[in-house]
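Visitor: Below is one structure. I have some questions about it.
The values are calculated or read from the model by the stated rules, or taken from the named source; none is laboratory data. Here the structure is a predicted model, which is why all the values come from computation and not from measurement. Reconstructed Cβ throughout: ideal geometry from the backbone, glycine too, with neighbour counts over all protein chains shown.
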Amino acid sequence: MILSALMFHIVSGALALLAGYAIILCKKGRTVHKYLGRVYVTSMIILGLTGTYIAVIRNVPISILNGLVLCYFVLSALNIMWQPANRVNFFDKILMAFAFLLTLGFAWYAYQTTQAPDGQLAGFGIAAFLVFGSVMALSTIADFRYIKRGGLGANNRLTRHLWRMYFPLFMSTAAFFLGQSRHLPEVLQRAEFLLTPVALVICTAVYWVVKIKCKKSNAQIY
């Protein structure tokens, strides 16, 4: 069973990365962008769920939670584009509750590292749990403010969609090129090769956020 899950995990991860990079390069708002987005979201959800399943079997707490983090971000990014501007729906509240539970999960495991003899859980120290826990805490606060305001309009709505789509791509890219670099051919284990894809994701995310903020309407962006 775990072998099947691992195969799905690898294939979905490859598809998510390829679709994510293709979205970066393609014209935004066009039909190809929408189809690639569907491939990206579906692949990322499968990647997250299979990653969590494998991590539960192998007892790797950080990966158990991070698999669910991937699902949370792509679903929240997708959900905001399913509804009109300045509107919220019930699913927004479910996602906020989910983010809060993930925050508690990271906090609990961070505490557990302080009780472990070597200060680690499956090779990860308290810093990893605090970093991702902080991300989820900030996301929970952002969700609360978003719901309290009754949604977002125009550029803010698109910005929320954008960074929540980019963050899972950043996580997956860093996990593959930096976290799994030992599995790559030795010739590719050079810093410039491993860091370039991660830098590409960060730079393009910053570029689009700045561009959106500088535009007056979504029509001007697309």
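Visitor: For Leu169, only one of the following conditions fails: (1) within 27 Å of Asp92 (Cα to Cα); (2) at pLDDT 75 or above; (3) over 19 Å from the mean Cα position of the chain (by Cα). What is its number?
Guide: (3)
Listed here are the residues, each with its yes/no results for (1) more than 30 Å from Arg38 (Cα to Cα); (2) at pLDDT 95 or above.
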residue	(1), (2)
Ala85	no, no
Phe98	no, yes
Phe106	no, yes
Ala110	yes, yes
Gly123	yes, no
Ala127	yes, yes
Phe132	no, yes
Met136	no, yes
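Visitor: Just one of Leu95, Leu101, Leu65 is under 17 Å from the mean Cα position of the chain (by Cα) and either surrounded by fewer than 19 Cβ atoms within 10 Å (Cβ to Cβ) or among the basic types (Lys, Arg) (or both); which is it? Reasoning before the result, please.
Guide: Working: Leu95 fails: either surrounded by fewer than 19 Cβ atoms within 10 Å (Cβ to Cβ) or among the basic types (Lys, Arg) (or both); Leu65 fails: either surrounded by fewer than 19 Cβ atoms within 10 Å (Cβ to Cβ) or among the basic types (Lys, Arg) (or both).
After ruling out the rest, the residue left standing is Leu101.
Visitor: Would you be able to say whether some residue in segment 24-31 is over 23 Å from Val69 (Cβ atoms) and of a type in the set (Gly, Ala, Ser)? Spell out how you get there, then give the answer.
Guide: We begin by selecting, within segment 24-31, every residue over 23 Å from Val69 (Cβ atoms); these are 25-31.
Then keep just the ones that are of a type in the set (Gly, Ala, Ser); that gives 29.
Within segment 24-31, one or more residues are over 23 Å from Val69 (Cβ atoms) and of a type in the set (Gly, Ala, Ser).
Visitor: Mind checking which pairs have a first residue in segment 187-213 that is more than 21 Å from Leu162 (Cα to Cα) and a second that is in a helix (DSSP H, G or I), Cβ under 7 Å, 6 or more apart or different chains?
Guide: Matching pairs, first to second residue: Gln189/Ser181; Leu194/Phe177; Leu194/Leu178; Leu194/Ser181.
Visitor: Pull out all pairs, ordered by first then second residue, where Cβ-Cβ is under 8 Å, the residues are six or more apart or on different chains, the first lies in segment 116-143 and is under 23 Å from Ala77 (Cα atoms), and the second is buried (at least 16 other Cβ atoms within 10 Å of the Cβ) and of a type in the set (Asp, Glu).
Guide: Within 8 Å, the pairs are Asp143/Asp92.
Visitor: Name, by its number, the condition in (1) more than 30 Å from Lys148 (Cβ to Cβ); (2) of a type in the set (A, V, I, L, M); (3) within 17 Å of the chain's Cα centre (by Cα) that does not hold for Val56.
Guide: (3)
Visitor: Among the residues of segment 13-38, write down those that are touching a residue at least 12 places away in the same chain (Cβ under 8 Å), within 16 Å of Met81 (Cβ to Cβ) and under 18 Å from the mean Cα position of the chain (by Cα).
Guide: Ile23, Leu36, Gly37, listed by residue number.
A quick yes/no check of all residues on (1) under 14 Å from Arg164 (Cα atoms); (2) in contact with a Phe, Trp or Tyr (Cβ under 6 Å, 6 or more places away or on another chain); (3) charged (D, E, K, R):
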site: His33; (1), (2), (3): no, no, no
site: Leu36; (1), (2), (3): no, no, no
site: Met44; (1), (2), (3): yes, no, no
site: Tyr53; (1), (2), (3): no, no, no
site: Arg58; (1), (2), (3): no, no, yes
site: Gly67; (1), (2), (3): no, no, no
site: Met81; (1), (2), (3): yes, no, no
site: Lys93; (1), (2), (3): no, no, yes
site: Tyr109; (1), (2), (3): no, yes, no
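Visitor: Also, quick follow-up: Residues in segment 1-47 that are in contact with a Leu (Cβ under 6 Å, 6 or more places away or on another chain) and either in a loop (DSSP other than H, G, I, E, B) or charged (D, E, K, R) (or both): how many?
Guide: Residues meeting the conditions: 0.
Visitor: List pairs: first residue in segment 43-59 and surrounded by fewer than 18 Cβ atoms within 10 Å (Cβ to Cβ), second residue modelled with pLDDT of 95 or more and of a type in the set (A, V, I, L, M) anywhere in the structure, Cβ distance under 9 angstrom, at least six positions apart or on different chains.
Guide: Val56/Ile64
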